[in-house]
Amino acid sequence: MVILLAPWETVGMKKPHMVIVEETNGLPVRGTCSACVDVFFSTGAPIGTIEAHQSKLDSLFREHFRNVHMREDASRATARVVRESTQDK
């Protein structure tokens, strides 16, 4: 049996998450990925509601997470193809 783990499911590692690194007038305006020290997300101008800013940062982080942390590398793709081809046989 082959068990595939996502990159953050290895021993001692947590799933990447967004960290708010800057607030202006109580509004979250800048965030980063807990696993990518050089990646930042910004809401732009510090106007609007807390909910709007949080929603924008969440959206930007989810896009980053899908594109960077959920990509299927070659070894995972090979394992997936083998697993799919041997199911129900």
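Could you grab me the full set of residues in region 67-89 that are at pLDDT below 70, part of a helix (DSSP H, G or I) and exposed (fewer than 10 other Cβ atoms within 10 Å of the Cβ)?
Answer for region 67-89, where residues must be at pLDDT below 70, part of a helix (DSSP H, G or I) and exposed (fewer than 10 other Cβ atoms within 10 Å of the Cβ): ALA74, SER75.
Could you tell me which of the residues GLY31, GLY44 is surrounded by fewer than 11 Cβ atoms within 10 Å (Cβ to Cβ) and either of a type in the set (Asp, Glu) or modelled with pLDDT of 85 or more (or both)?
On the way: GLY31 fails: surrounded by fewer than 11 Cβ atoms within 10 Å (Cβ to Cβ).
None of the others qualify; the one that does is GLY44.
The values are calculated or read from the model by the stated rules, or taken from the named source; none is laboratory data. Bear in mind the structure is a predicted one, so any value in this text is a computation, not a measurement. Positions of Cβ are generated from backbone atoms using ideal geometry, with glycine treated the same way; all protein chains shown enter the neighbour counts.
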